[in-house]
1. Applying 1/(1 + (r/R0)^6) with R0 = 41 Å to the Cβ-Cβ distance of T242 and S21, what FRET efficiency is obtained, to the nearest 0.05?
2. Just grab the label-to-label distance for N96 and Q264, each label 7 Å out from Cα along the Cβ direction, in nm (one decimal).
3. Output the peptides 138-145, 277-284, 125-132 sorted from most to least packed, where packing is the average of other Cβ atoms within 10 Å over each peptide's residues.
4. When the dipole is taken about the Cα centre of region 15-73, and only Lys, Arg (+1) and Asp, Glu (-1) are charged at their Cβ, what size is it in debye, to the nearest 20?
5. Just from its helices, what would the mean residue ellipticity at 222 nm be for the chain, if runs of 4 or more DSSP H residues each count -39500 (n - 2.57) and the sum is divided by every residue, rounded to the nearest 500 deg cm²/dmol?
6. Suppose every Lys and Arg Cβ carries +1 and every Asp and Glu Cβ carries -1, with no other charges. What dipole size does region 2-145 come out with about its Cα centre, to the nearest 20 debye?
7. Hey, what did region 150-294 get for relative contact order, percent, Cα under 8 Å, at least 6 apart?
8. Say the dipole of the chain comes from +1 at the beta carbon of Lys and Arg and -1 at that of Asp and Glu; which of T56, Q220, V203 then lies farthest toward its positive end?
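Every number in this text was worked out from the coordinates using simple rules, so none of it is lab data. Just so it is clear, the structure is predicted and the values come from calculations on it, not from any experiment. Reconstructed Cβ throughout: ideal geometry from the backbone, glycine too, with neighbour counts over all protein chains shown.
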Amino acid sequence: MIQQLINRYKRMRTERYLNQSYRCQYAFVGLGQHSLTNLYPVLHYLQVPLKYICVTSEHKARLIERKFQGIIATTRLDDILNDENVKGVLVAAAPNAHFSIASQVLQSGKSLFIEKPPCQSVAQLKELIAMQRASGSLVAMVGLQQRYAPAVQSLRRRLRGKRLLNYDLHYLTGAYPEGDALLDLYIHPLDLATWLFGKAEIVSYLEIDEQSFILMLRHQHIVGTIELSTCHSWQDAQQSLTVHTSSGTYRLNQCQELSFVPKQPVIAGIPMEKIRPSHQSVEYLYRHDSFSPILAGNSIYTDGFFNEITTFVNAVEGKRANVLTDLQSIEPTLQLIENM
């Protein structure tokens, strides 16, 4: 009996995956390490019909056609934009080229997934929003995958309705000579803060080193401090968030672990832990399972890449999709970066 239930569950899980099919055709612009590691594997797993890959090098295009069977490699974006069969375009090119490419895709009326940053300023973002509305593009999403990470979504649900006190957010990496750390790297923690707590006002701002900052932010219901630094190590890169509420403390370690420590009781102003010390209890709300070889244990899933790509494709296909990173939603993040 138990074995029959197990077999039935496995069969249903497999059939659910096989029923998840897509009819529209798609194109991808860019072929860097990030897209090869985090985005293409999701497209392959979902069996998304990818028709084109667009790159800047003819030599790379020929290598792509040899590596990716059945895909057209091109160096001309117009080949994609003029193909009526292509409904969605995913872009992960050089950050300084994103605004130009996104503009052309939106003006063509195709749906757009654009890696962060989508543009360089709030003014450019408003231009993209206007283009989307004017052209009738179905979907326009920004690649800020942490919003789709299970641990972050769980934290956001838990904070809803809580009396918030303050938070500390740390984002520490090694040197970043290849680009603008503010737009390329720090957009992630800053977006995490604005998505969880709302629009932010800079109370104080200190540049402690080149491309390294300490901020104090005020949101409507909470204040927080953020440390952003490239003075550390890539081998020990860290992102941690601690949120203090009236009922206890939430701790998010990257997107791999979320825990809650309840506040110790206070009676008549007297902290009971001083009178009767006890071990502090920790409730683990989410933990990355690296042992079981399943999708939910893969870092592509826990970091949010799988859910964001699935959301984009489902939205293009007219299926149920909860888009968390439309163009309008990231304006507070870009405004905060611009104010810095």
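1. Computed FRET efficiency for T242 and S21 comes out at 0.45.
2. That separation, rounded to one decimal, is 5.5 nm.
3. Descending mean neighbour count gives 138-145, 125-132, 277-284.
4. The dipole of region 15-73 has a size of about 60 debye.
5. Helices in the chain give a 222 nm mean residue ellipticity of -9500 deg cm²/dmol.
6. 680 debye
7. Rounded, it is 27 percent for region 150-294.
8. The one lying farthest along the dipole's positive direction is Q220.
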